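Inspection log for the structure reproduced underneath, given as structure tokens.
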Amino acid sequence: MRNNTPRTALVTGGARGIGVEMCRQLADKGLRVLIGARRPQAAEETCRAIGPAALPLTLDVTSAQSVTEAVREAGQLTGGIDVLVNNAGVSLDGELRPPYVDEDVLRATLDTNFTGAWRVTQAVVPGMVEAGYGRVVNITSSYGSLALMDSGRHPAYRISKTALNALTRMLAAELSGTGVLVNAADPGWTRSGMGGPSAPRGPEVGADTPVWLATLPEGSETTGGLFADRKPLPW
Ligand SMILES: NC(=O)c1ccc[n+]([C@@H]2O[C@H](COP(=O)([O-])OP(=O)(O)OC[C@H]3O[C@@H](n4cnc5c(N)ncnc54)[C@H](OP(=O)(O)O)[C@@H]3O)[C@@H](O)[C@H]2O)c1
């Protein structure tokens, strides 16, 4: 709670896939949730499904103008963002391997998964530092772990997540002592548009670790980590 009002979370890509479930679980925990989505109608539909704690926010993480406008609107609607979940992501490689990746695919993947997350973070974190409280959760993947990098599958996607992991560590170090905790979460292979219908996990399982990190209690010192199933994952 801040000044007797609930904390506000922004989930990017919150109108589809695991993001919807993150929004639902955050609302269930008493937070106001801004459903960040490129398509306003999708955000509104998700809000109706979740209930009054959810508010729609038009947001394309690849557009600096969209990010600026969305964060300004979020401030007007809620007074500020306390929790940021950088969830928006794309996987565009198909079966391409590193020697054959199309440069446009690499650029588009990085622009959403890495630069997009950084863009939103830069717009939101100064307000968190000013408030002395913040939780940033970057949704990465075991595919981005250098320690587990044992094949060339999905190279652009993997490198985008490795870069996001690096940003997580740098931000966490930089924001140490400010009250802003920054962590990365791997939801695991989860049924969604990206994960497909054969994935072993449902969205409620995939959302659990991100939501845990997004709601770390006051005084928590958990920052600068990469987690899956609430346990550390090697970088
Ligand atoms: N599913 C898995 O097995 C798995 C495993 C590890 C990590 N992850 C990560 O989990 C996160 C969520 O993935 P998911 O499985 O839920 O995939 P998904 O069903 O494909 O959903 C992706 C979400 O990202 C949004 N998005 C894409 N580009 C965007 C942009 N430029 N601006 C704003 N939103 C954008 C999509 O919005 P639109 O509806 O507008 O396209 C959608 O809401 C991703 O970061 C992904 O890399 C997933």
- request: Among the residues of segment 113-147, write down those that are more than 10 Å from the ligand (Cβ to nearest atom), under 22 Å from Trp189 (Cβ atoms) and free of Cβ contacts under 8 Å to residues at least 60 places away in the same chain.
  value: Phe114
task: Among what's in segment 73-88 and is over 20 Å from Pro40 (Cβ atoms) and assigned to a loop (DSSP other than H, G, I, E, B), pick the residue that is farthest from the ligand (Cβ to nearest atom).
output: Gly79
task: Being more than 9 Å from the ligand (Cβ to nearest atom) and of a type in the set (Ser, Thr, Tyr) is the filter; apply it to segment 50-68 and report the residue that is nearest to Ala15 (Cα to Cα).
output: Thr58
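Please find, among Arg169, Arg158, the residue that is at pLDDT 95 or above, more than 13 Å from the ligand (Cβ to nearest atom) and open to solvent by 10 Å² or more (accessible area, probe 1.4 Å). Even if it seems obvious, please write down each step before you answer.
Working: Arg158 fails: more than 13 Å from the ligand (Cβ to nearest atom).
Exactly one of Arg169, Arg158 is at pLDDT 95 or above, more than 13 Å from the ligand (Cβ to nearest atom) and open to solvent by 10 Å² or more (accessible area, probe 1.4 Å), namely Arg169.
Within segment 6-21, can one find any residue that is over 19 Å from the mean Cα position of the chain (by Cα) and open to solvent by 10 Å² or more (accessible area, probe 1.4 Å)?
So in segment 6-21, the residues over 19 Å from the mean Cα position of the chain (by Cα) come out as 6.
Applying the additional criterion that residues be open to solvent by 10 Å² or more (accessible area, probe 1.4 Å) yields 6.
Yes: one or more hits.
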task: Give me the pairs, please: first residue somewhere in segment 185-196 and touching a residue at least 24 places away in the same chain (Cβ under 8 Å), second residue anywhere and open to solvent by less than 20 Å² (accessible area, probe 1.4 Å) and near the ligand (Cβ under 6 Å from one of its atoms), beta-carbon distance under 7 Å, and either six or more positions apart or on two chains.
output: Ala185/Ile139; Asp186/Ser141; Pro187/Ile139; Thr190/Ala199
- request: Determine whether segment 120-136 contains at least one residue that is in contact with a Lys or Arg (Cβ under 8 Å, 6 or more places away or on another chain), part of a helix (DSSP H, G or I) and either basic (Lys, Arg) or open to solvent by 20 Å² or more (accessible area, probe 1.4 Å) (or both).
  value: yes
message: Given the criteria in contact (Cβ under 8 Å) with a residue 60 or more places away in the chain, open to solvent by less than 30 Å² (accessible area, probe 1.4 Å) and within 16 Å of Lys231 (Cα to Cα), does Val182 qualify?
response: no
- line: Given the conditions (1) within 24 Å of Pro187 (Cα to Cα); (2) touching a residue at least 12 places away in the same chain (Cβ under 8 Å), every one holds for Asp150 apart from (2)
query: Pick from segment 188-215 the residues that are open to solvent by less than 10 Å² (accessible area, probe 1.4 Å) and in a loop (DSSP other than H, G, I, E, B): which of them is nearest to the ligand (Cβ to nearest atom)?
result: Ala199
task: Take the residues in segment 33-49 that are within 9 Å of the ligand (Cβ to nearest atom) and assigned to a strand (DSSP E or B), then tell me which one is surrounded by the most Cβ atoms within 10 Å (Cβ to Cβ).
output: Gly36
query: Can you find even one residue in segment 172-179 that is within 13 Å of the ligand (Cβ to nearest atom) and at pLDDT 95 or above?
result: no
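The values are calculated or read from the model by the stated rules, or taken from the named source; none is laboratory data. Since we're looking at a predicted model, the values are computed, not measured. With ideal geometry, Cβ positions are generated from the backbone for all residues, glycine too; neighbour counts draw on all protein chains shown. For the accessible areas, the whole protein counts, side chains as well, though only heavy atoms, and no ligand, DNA or RNA atoms are used. Shrake-Rupley method; radii C 1.70, N 1.55, O 1.52, S 1.80 Å.
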